[in-house]
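Participant: I have a structure here, written as structure tokens, and I will follow up with some questions on it.
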Amino acid sequence: MFFMENKAKMITPSFISVILTTYNEPKWLEKVIVGFQCQTHLPNELIIADDGSTSDTREVIAELQKTSKFPIKHVWHEDNGFQKTKILNQAIKASSGDYLIFTDGDCIPRADFIEVHHNNAQNGYFLSGGYFKLPMSTSKTITFNDIKIGNAFNVAWLIKNDLPKTYKTLKLTTTAWKQRLLNFITPAGATWNGHNASGWRKDIINANGFDERMQYGGEDRELGERLFNAGLKSKQLRYSAIVIHLDHKRGYVNPEMMIKNNLIRNETKQQKSIRTLHGISHET
């Protein structure tokens with residue numbers, strides 16, 4: 001059947017590192033880390049790639065480290081504008097996992113998030129998960145307890161707390177077989193999404209990580225494009241590996257960044273690049 005998975009190349013990760021990015025959103029970050037503490041399959045470590053946050057974020061992380069069920073590493077550099085790709089590469093270097101899951105510090109993972117990534121890890125593939133956007137009022141309403149008992153992913157509860165009714169809530173309500181069906185028929189491409197993607201460390205290292213020339217706008221997808229050029233395939237988990245996206249301002253959006261990034265992505269596609277010269281290791 002169309003949703004039968006190819007088991008021939010399935011390999012179980014032995015050590016999972018979750019890497020999540022953050023920048024001056026300590027309240028959101030705290031909710032996200034609570035979500036990872038509630039996973040059915042805990043990560044072996046969580047690495048926070050901090051793009052220059054102030055001491056408020058450092059203090060929140062220090063408190064969470066005291067009671068965490070798994071090690072939490074804080075990788076930080078000074079604030080010099082949007083440098084997400086640079087801090088992500090530092091986090092990759094600091095990680096110990098043979099398998100890396102990437103997400104953001106404003107995306108609360110559903111309880112089965114890591115389990116789904118773990119169970120679908122496959123040699124020669126990276127995984128592309130989905131997200132569900134919340135309005136600001138709902139984002140603020142969610143408490144730690146709402147995350148722990150599952151309200152944050154309960155559509156009826158979310159609607160009672162200002163979430164508009166829309167067909168998109170299907171992401172939160174589908175059963176296992178419907179998830180596989182929707183993953184198969186969705187027109188959305190299984191790209192490398194910074195908020196929800198995973199892959200083997202060896203593949204990411206071979207690609208030399210993220211291109212540090214890139215700022216906001218497609219900087220995550222460019223890595224996926226190099227992975228495709230290297231012969232990897234992607235697996236669509238849009239309806240089965242889910243995070244809810246907390247609302248926030250986007251003061252870092254800059255049209256000039258987008259233009260620059262598009263030029264780099266076009267170069268990657270045209271030259272069929274499999275490795276950046278401006279990544280984890282800087283090459284000439």
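The values are calculated or read from the model by the stated rules, or taken from the named source; none is laboratory data. Quick caveat: nothing in here was measured; it's all calculated off a predicted structure. Because the Cβ atoms are built from the backbone with ideal geometry, glycine has one as well, and the counts that use them run over all protein chains shown.
Participant: Spot the failing condition for Asp162; the list is (1) within 24 Å of Glu115 (Cα to Cα); (2) touching a helix residue (DSSP H, G or I) at 6+ places or on another chain (Cβ under 8 Å); (3) acidic (Asp, Glu), and only one is missed.
Facilitator: Only one criterion in (1) within 24 Å of Glu115 (Cα to Cα); (2) touching a helix residue (DSSP H, G or I) at 6+ places or on another chain (Cβ under 8 Å); (3) acidic (Asp, Glu) is unmet by Asp162, namely (1).
Participant: Here's something else I'd like to know. Tell me, which residue of the range 71-95 that is exposed (fewer than 15 other Cβ atoms within 10 Å of the Cβ) and not polar (S, T, N, Q) is modelled with the lowest pLDDT?
Facilitator: Only one residue fits best here, namely Gly81.
Participant: Hey, among the residues in the range 214-225 that are in contact with a helix residue (DSSP H, G or I) (Cβ under 6 Å, 6 or more places away or on another chain) and either of a type in the set (D, E, K, R) or assigned to a strand (DSSP E or B) (or both), which one's nearest to Leu134 (Cα to Cα)?
Facilitator: Out of the qualifying residues, it is Glu219.
Participant: Within the bounds of the range 94-105, is there any residue that is outside any loop (DSSP other than H, G, I, E, B), over 26 Å from Gly209 (Cβ atoms) and of a type in the set (Asp, Glu)?
Facilitator: No.
Participant: Scan the range 139-190 for residues that are surrounded by fewer than 18 Cβ atoms within 10 Å (Cβ to Cβ), at pLDDT 80 or above and either over 28 Å from Pro26 (Cα atoms) or in contact with a Cys (Cβ under 6 Å, 6 or more places away or on another chain) (or both) and jot them down.
Facilitator: Passing the criteria: Lys148, Lys165, Thr166.
Participant: Tell me the residue from Thr21, Thr103 that is polar (S, T, N, Q), crowded, with 17+ Cβ neighbours inside 10 Å, in contact (Cβ under 8 Å) with a residue 12 or more places away in the chain and touching a His at 6+ places or on another chain (Cβ under 6 Å), please.
Facilitator: Being polar (S, T, N, Q), crowded, with 17+ Cβ neighbours inside 10 Å, in contact (Cβ under 8 Å) with a residue 12 or more places away in the chain and touching a His at 6+ places or on another chain (Cβ under 6 Å) holds for just one of Thr21, Thr103, which is Thr103.
Participant: Determine which member of the set Arg226, Arg250, Arg238, Arg221 is of a type outside the set (Phe, Trp, Tyr), closer than 30 Å to Asp112 by Cβ and at pLDDT 95 or above. Quick ask: steps written out before the conclusion?
Facilitator: Values: Arg250 fails: at pLDDT 95 or above; Arg238 fails: at pLDDT 95 or above; Arg221 fails: at pLDDT 95 or above.
Result of the check over Arg226, Arg250, Arg238, Arg221: Arg226.
Participant: Can you name the residue in the range 42-72 that is touching a helix residue (DSSP H, G or I) at 6+ places or on another chain (Cβ under 7 Å) and part of a helix (DSSP H, G or I) and is also farthest from Ile114 (Cα to Cα) among such residues?
Facilitator: If we take residues in the range 42-72 being touching a helix residue (DSSP H, G or I) at 6+ places or on another chain (Cβ under 7 Å) and part of a helix (DSSP H, G or I), then Asp56 is farthest from Ile114 (Cα to Cα).
Participant: Hey, can you tell me all the residues within the range 123-138 that are surrounded by fewer than 18 Cβ atoms within 10 Å (Cβ to Cβ) and in contact with a strand residue (DSSP E or B) (Cβ under 9 Å, 6 or more places away or on another chain)?
Facilitator: If we filter the range 123-138 for residues that are surrounded by fewer than 18 Cβ atoms within 10 Å (Cβ to Cβ), which is where we start, we get 123-124, 133, 135-137.
Asn123, Gly124, Lys133, listed by residue number.
Participant: Tell me, yes or no, whether the range 132-150 has at least one residue that is touching a His at 6+ places or on another chain (Cβ under 6 Å) and not small (Gly, Ala, Ser).
Facilitator: Scanning the range 132-150, I find at least one residue that is touching a His at 6+ places or on another chain (Cβ under 6 Å) and not small (Gly, Ala, Ser), so the answer is yes.
Participant: Additional query: I'm told Ile114 meets every condition in (1) in contact with a Pro (Cβ under 7 Å, 6 or more places away or on another chain); (2) on the phi > 0 side of the Ramachandran plot except one. Can you identify the failing condition by its number?
Facilitator: The single condition Ile114 does not satisfy is (2).
Participant: Report the residue count in the range 156-212 for those that are part of a helix (DSSP H, G or I) and farther than 20 Å from Asp98 by Cα.
Facilitator: Result for the range 156-212: 22.
Participant: If Lys160 satisfies every condition in (1) more than 28 Å from Ile142 (Cα to Cα); (2) free of Cβ contacts under 8 Å to residues at least 60 places away in the same chain but one, which is the exception?
Facilitator: (1)
Participant: Here is a further query. Hey, can you tell me all the residues within the range 234-261 that are over 18 Å from Thr21 (Cβ atoms) and touching a helix residue (DSSP H, G or I) at 6+ places or on another chain (Cβ under 9 Å)?
Facilitator: Ser234, Lys235, Gln236, Leu237, Arg238, Tyr239, Ser240, Ile242
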